[in-house]
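Worksheet for the structure shown next.
The values are calculated or read from the model by the stated rules, or taken from the named source; none is laboratory data. From a predicted model like this one, the values you see are computed outputs, not experimental measurements. Heads up, the Cβs are rebuilt from the backbone with ideal geometry, glycines too, and the neighbour counts pull from every protein chain shown. Accessible surface is based on the protein model in full, side chains and every heavy atom, while ligands, DNA and RNA are left aside. Shrake-Rupley method; radii C 1.70, N 1.55, O 1.52, S 1.80 Å.
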Amino acid sequence: MVIKYQLKKKSNECNARLGTITTLHGTFETPVFMAVGTQGTVKTLVKEELHEIGSQIILGNTYHLWNQPGHEIVAKAGGLHKFMNWDRSILTDSGGFQVFSLAKLRDIHEEGVYFKHHKSGKQLFLSPEISMEIQNALGSDIMMSFDECPPYPCTYEYMEKSVDRTLRWAKRCLDSHQRKDEQGLFGIVQGGEFADLRKYCAKELISLPFDGYSIGGTSVGEPKEIQNQVLDWVIPILPENKPRYLMGVGSPGAILDAIERGVDMFDCVLPTRIARHGTAMTSRGRIIIKNKEFSEDFTPLDPDCDCYCCKNYTKAYLRHLFKANEMLGHRLLSIHNIRFLVNLTEKARKAIEEDRFPEYKKEVYQKYGLNENNKDF
């Protein structure tokens, strides 16, 4: 298989694990947080800044790149790596989440999904085969199988049919994948909040030759305790010799909970999205930098952060940038927020290596001023 996972160490105190994943574009350490570059760019940032932040792998979005500029143009440019000037690993999602979260008037059939573009209203069709065609053209290192992402909450009857469809689509993705010696492909475990469906989906997927396994449908509005319960059901079934990816999760508490249960990979648009609105993630909680209380605060965003923003700028200056509608404010908060989550996983790796992950998790919560039962962290 083109994707190689090496388990380096398991925690003696929980299910957290330390490992490496190797693709054609290098090796990165896990657990890892992956910044999201929806349109082939992590918003406002360039490659060198992402390197400095510590980003080892980033994401591209199949649905959006298919619509703009088009996967054929990216392929002509030499693939997404060359097109966006990124020299490390790239993961692309299947487009399934966007179809079910953004698109209008969805019409699901066995062959695929008919829907209207979320802005233009243009009629579109996406299937397992088309998703694979797009991702093969983009040339990402890790691709996702095309799945249905049902809403939350959802009836058992609907979810049962959805899981069976997702499994049939997963097999079609494997069959239509044209670059198996260059690009890995992950299967996606669905099943909502139903234990038997989650376990069934996981067991069926591991019988197929995927390079890794993702847990989907856990960032669609369900409570934190359900997300953790899903992981408790699914992780013991997934093989130890392949990566485990929890999709769309970017809050510190959810990441730490998942690492504790044995998850390796995370992604979320959260750090750059909230940065654009003036919110910073810090070791002592989130702060809204536009608030008047920071107008004469000449201290860094986070005294525990080593990012470029915290080393060079104060809260007062950042507040000024946002009040003046200066783009530099967006850039600096994006640098900081991504670094915050990358650093969270870097320290988690060190804690696993030193057999003190539960202590590390407790320290993070205490400094944040919360406890492990807090649902918003």
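By the scheme Lys and Arg +1, Asp and Glu -1, what is the net charge of all other residues having a beta-carbon under 15 Å from that of Ser140?
My count for the surroundings of Ser140 gives -4.
5 Å is the cut-off here: which amide hydrogens, built 1.01 Å from N in the peptide plane, fall below it relative to Lys8, excluding neighbours closer than 5 in sequence?
Leu18, Gly19, Thr20
Could you work out the percent of alpha carbon pairs in the stretch 1-145 separated by over 26 Å, rounded to a whole number?
That tail contains 32 percent of the Cα-Cα pairs.
Hey, can you rank 71-84, 88-101 by average C-beta count inside 10 Å, highest first?
Packing proxy ranking, top to bottom: 88-101, 71-84.
I want to check the label-to-label distance for Lys350 and Asp87. Put each point 7 Å from Cα in the C-beta direction and report it in nm to one decimal.
The two pseudo-label positions are separated by 2.6 nm.
Estimate the FRET efficiency between Lys10 and Glu52 by the formula 1/(1 + (r/R0)^6), using the beta-carbon distance for r and 22 Å for R0, to the nearest 0.05.
After rounding to 0.05, the efficiency reads 0.10.
Residue by residue through the stretch 42-57, which ³J(HN,Hα) values in whole Hz follow from phi under the Karplus form 6.51 cos²θ - 1.76 cosθ + 1.60 (θ = phi - 60°), with glycine and proline marked x?
Running phi through 6.51 cos²θ - 1.76 cosθ + 1.60 with θ = phi - 60° gives 7, 3, 6, 10, 10, 3, 4, 5, 5, 4, 5, 5, x, 5, 9, 7 Hz.
Where Lys and Arg each count +1 and Asp and Glu each count -1, what net charge lies around His64 among other residues with Cβ under 13 Å from its Cβ?
Result for the local shell: +1.
Can you list the aspartates and glutamates whose alpha carbon sits under 14 Å from that of Lys161, skipping same-chain ones fewer than 8 residues off?
Glu110, Asp147, Glu148, Asp196
Using the Karplus curve 6.51 cos²θ - 1.76 cosθ + 1.60 with θ = phi - 60°, what ³J(HN,Hα) values do you get for each residue of the stretch 190-205, in whole Hz, with x for Gly and Pro?
10, x, x, 9, 9, 4, 5, 6, 4, 5, 4, 4, 4, 5, 5, 5
Counting other C-beta atoms within 10 Å, and keeping those with at most 11, which DSSP coil chymotrypsin sites (Phe, Trp or Tyr not before Pro) do you find in the stretch 256-328?
Taking the stretch 256-328 and a limit of 11 other Cβ atoms within 10 Å, the loop chymotrypsin sites (Phe, Trp or Tyr not before Pro) found are Phe298.
Nearest 5 is fine: what % of DSSP beta bridges in the chain come out antiparallel, could you say?
45 percent
Considering only C-alpha atoms, what is the centroid distance from the stretch 244-269 to the stretch 13-28, in Å?
14 Å
Using the Karplus curve 6.51 cos²θ - 1.76 cosθ + 1.60 with θ = phi - 60°, work out ³J(HN,Hα) for each residue of the stretch 135-150 in order, rounded to whole Hz, and write x for Gly and Pro.
In residue order, the calculated couplings are 5, 4, 5, 5, x, 5, 6, 10, 10, 10, 6, 7, 10, 8, 9, x Hz.
Could you give the length gained on full extension between Glu296 and Asp107, defined as 0.36 nm per residue of separation minus the Cα-Cα distance, in nm?
Stretched fully, the Glu296-Asp107 segment lengthens by 62.6 nm.
Between Ala75 and Cys154, what FRET efficiency comes out of the Förster formula 1/(1 + (r/R0)^6) with R0 = 41 Å and r the beta carbon distance, rounded to 0.05?
0.65
I'd like the accessible area for Thr314, computed on protein heavy atoms only with a 1.4 Å probe and all protein chains in place. Round to 10 Å², please.
Thr314 exposes around 40 Å² with every protein chain in place.
More than 21 angstrom separation, counting every C-alpha pair in the stretch 280-377; what % is that?
That tail contains 38 percent of the Cα-Cα pairs.
Under 23 Å Cα to Cα from Lys122, which lysines show up? Leave out anything in the same chain fewer than 8 places away.
Within the straight-line limit of under 23 Å, Lys122 reaches these lysines: Lys104.
Ignoring ligands, DNA and RNA, what percent of the 1.4 Å accessible area of the chain is carbon and sulfur?
Answer for the chain: carbon and sulfur cover 49 percent of the accessible area.
Given the DSSP H assignment, sum -39500 (n - 2.57) over each helix run of at least 4 residues in the chain and divide by its residue total; what's the result at 222 nm in deg cm²/dmol, nearest 500?
It comes out at -12000 deg cm²/dmol, rounded to the nearest 500.
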